[in-house]
Amino acid sequence: MTILQNVSLRPYNTFGMDVAATHFTVFNDLQQIQELSSMAWMYPKKYIVGGGSNILLTQPLEGLVIKNEWKGIALVDESDEHVWLQVNAGEIWHDTVLYAISKGWGGMENLSLIPGCVGAAPMQNIGAYGVEVKELIDEVVAWHWEENRFIALKNEDCQFGYRDSIFKQALKEKVLITSVVFRLSKKPKLNTTYGAIQQQLEKMGVHKPTIKTVSDAVIAIRTSKLPNPKDIGNAGSFFKNPVIHKAQFLSLQQQYPAIVGHASGDDTIKVAAGWLIEQAGWKGYKKGAAGVHDKQALVLVNHGGASGMEVYDLSSDIITSVHYQFGIMLEREVQIW
Ligand code: FAD
Ligand code: NAP
């Protein structure tokens with residue numbers, strides 16, 4: 001396996017930050033695990049990159065960047081109702097969704113067009129349009145750097161939460177996820193509860209939706225609303241939607257009747273962070289080449305030539321301003337390196 005030195009990571013992150021890594025390699029064969037672990041001591045700091053669509057690079061990286069391109073999809077089990085699909089971590093997420101749809105297996109369709117690779121999906125329990133990937137994951141297999149062995153975590157061991165998992169917490173930087181086993185449905189139950197999906201299906205003249213048309217609807221909505229990283233650097237939602245106590249939400253609603261929130265538990269409300277940021281006056285804001293997207297305030301953008309620190313500083317200013325106005329502390333969703 002070749003270790004390159006002083007490699008620009010610009011092609012490997014969707015913000016398009018031109019930051020160098022002291023060491024860089026591509027992982028595309030399971031045999032390389034032994035080789036990687038034998039040299040692991042030389043690189044105490046290891047950074048795993050899939051599609052680079054959920055990271056912000058703020059400084060040169062001292063350590064080994066491992067670009068995961070380990071591909072492969074296999075049907076590993078089947079019942080009357082379900083299939084179990086093992087997908088290697090370097091597969092492109094959206095290609096996997098399209099593959100499942102082509103086979104008629106349901107579950108992933110609402111998660112269409114999310115950038116990135118399969119290995120990162122459990123990391124932050126990716127979610128969109130009322131579905132989280134935790135609903136589909138049976139098992140995650142990973143190489144544990146310190147224990148020098150593969151570990152297999154069943155769904156209940158992954159501690160999935162809202163944009164959260166054990167891989168972002170106790171196992172952060174300790175493992176390289178190599179594959180994920182998904183349980184998909186042969187008799188799909190569609191989830192079209194998100195208003196935008198229903199509206200889009202109506203617009204498309206679809207009266208009897210299928211996993212394919214739901215996927216098409218999601219793709220159409222996303223394409224119209226979200227900035228394509230190929231056109232403008234970004235990492236999707238920069239912040240999580242904050243979950244606050246119902247009493248605090250009701251009090252805010254007195255002052256801001258239009259505040260957007262959805263019940264997320266008996267006593268908690270998930271507030272649309274994009275709405276808070278927009279109300280605080282940030283939508284479309286630009287400082288140098290760093291900015292806030294003009295259609296979706298939750299997305300911070302690199303108009304070209306911004307540094308990671310400029311985007312990070314902008315995010316800090318937004319956190320302070322939203323906290324000052326609403327008493328809500330936003331949390332970054334994007335991983336800061
Ligand atoms: P990377 O950015 O490469 O890595 C993210 C983190 O995961 C890093 O900490 C990295 O070290 C770790 N990681 C990656 N691969 C592995 C591995 N094999 N083993 C261990 N750790 C690993 N997210 C959503 O949840 N829902 C959305 O709807 C959504 N929409 C988006 C839209 C746009 C336009 C963009 C740019 C981003 C969006 N995202 C969304 C965020 C992002 O696409 C997801 O978080 C995605 O899963 C990141 O995948 P990646 O391969 O690019 O991860
Ligand atoms: P949206 O539809 O304008 O909705 C705004 C917020 O309200 C969303 O964040 C969503 O929370 C919540 N919401 C809307 N309808 C809901 C419902 N019926 N039940 C519960 N919560 C509801 O959001 P958007 O920005 O256009 O994004 C659409 C979807 O794609 C969302 O699910 C969003 O999470 C996802 N997305 C994620 C990223 C990312 O980088 N993480 C980027 C783009 C889009 P949730 O976010 O919890 O769904």
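The values are calculated or read from the model by the stated rules, or taken from the named source; none is laboratory data. Owing to the predicted nature of the structure, the values given are computational and were not obtained by experimental measurement. Reconstructed Cβ throughout: ideal geometry from the backbone, glycine too, with neighbour counts over all protein chains shown. All accessible areas refer to the heavy atoms of the entire protein, side chains included, with ligands and DNA or RNA removed. Shrake-Rupley method; radii C 1.70, N 1.55, O 1.52, S 1.80 Å.
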Worksheet, complete the sentence: Counting only DSSP beta bridges fully inside the chain, the antiparallel percentage to nearest 5 is 80
Response to the item:
For the chain, whose charge dipole is built from +1 on Lys and Arg Cβ atoms and -1 on Asp and Glu Cβ atoms, the candidate among 130, 180, 206 with its Cα farthest towards the positive end is 206
Practice prompt. Over the chain, average the accessible area per residue using a 1.4 Å probe and give it in Å², no decimals.
Written response: 47
Discussion item. Starting from the Kirkwood Rh over alpha-carbon pairs, what translational D in µm² s⁻¹ does the range 37-135 have by Stokes-Einstein at 37 °C and 0.692 mPa s?
Written reply: 217
Item to complete: Principal axes first, then extents: for the Cα atoms of the chain, list largest minus smallest coordinate on each axis, whole Å, largest first.
Response: 60, 52, 36
Response to the item:
Burial-style ranking of 2-13, 166-177, average other-beta-carbon count within 10 Å with highest first, yields 166-177, 2-13
Fill in: Violating pairs (Cα-Cα greater than 18 angstrom) within the set 240/270; 189/212; 246/270; 45/154; 154/270; 45/168
45/154; 154/270
Worksheet item: On the first, second and third principal axes, largest extent first, how far apart are the outermost C-alpha atoms of the range 85-141 in Å?
Response: 25, 23, 21
Fill in: For the range 4-68, convex hull of alpha carbons as volume per residue, Å³
77
Discussion item. For the range 52-115 and the range 185-240, what is the centre-to-centre distance using only Cα atoms, to the nearest Å?
Written reply: 18
Discussion item. So, R0 is 25 Å and r is the distance between the beta-carbons of residue 3 and residue 73; what FRET efficiency does that work out to, to 0.05?
Written reply: 0.30
Worksheet entry | Unit charges on C-beta of K, R, D, E only; dipole of the range 36-147, Debye | 600
Response to the item:
Percent antiparallel among DSSP beta bridges confined to the range 1-101, nearest 5, equals 45
Practice prompt. Please express the Cα-Cα pair-distance distribution P(r) of the range 233-336 as a list of whole percents, one per 10 Å bin, running from 0 to the bin with the greatest distance.
Written response: 16, 48, 26, 9, 1
Fill in: Protein accessible area in the range 1-57, 1.4 Å probe - carbon and sulfur %
51
Practice prompt. Using a 10 Å cut-off on Cβ atoms, rank the peptides 257-269, 42-54 from the highest mean neighbour count down.
Written response: 42-54, 257-269
Worksheet item: If you wrap a convex hull around the Cα atoms of the range 84-242, how much volume per residue is inside, in Å³?
Response: 123
Response to the item:
Counting only residues 5 or more apart in sequence or on a different chain, those whose built amide H sits under 5 Å from that of residue 45 are 64
Practice prompt. Could you check how much of the accessible area of the range 73-185 is carbon and sulfur, as a whole percent, using a 1.4 Å probe?
Written response: 46
Worksheet item: Helix hunt in the chain: which complete DSSP H runs extend at least 15 Å axially by C-alpha with mean Kyte-Doolittle at least -1.0?
Response: 93-103, 211-225, 308-326
Worksheet entry | Packing-based ranking, highest mean first, of 200-211, 154-165 given that Cβ atoms within 10 Å are counted | 154-165, 200-211
Discussion item. Along the charge dipole of the range 261-337, pointing to its positive end and built from +1/-1 on Cβ of Lys, Arg, Asp and Glu, which listed residue (298, 330, 319) has its Cα farthest out?
Written reply: 298
Item to complete: Please get the size of the charge dipole for the range 199-337, origin at its Cα centre, with Cβ charges of +1 on Lys and Arg and -1 on Asp and Glu, quoted in debye to the nearest 20.
Response: 420
Response to the item:
The equivalent-ellipsoid semi-axes of the range 206-259, taken as the square roots of five times the Cα gyration tensor eigenvalues and listed largest first in whole Å, are 32, 20, 10
Worksheet, complete the sentence: So the FRET efficiency between residue 208 and residue 260, C-beta based with R0 = 41 Å and rounded to 0.05, is 0.85
Item to complete: Taking the Cα centre of the chain as origin, work out the dipole magnitude from +1 charges on Lys and Arg Cβ and -1 charges on Asp and Glu Cβ, in debye rounded to 20.
Response: 680
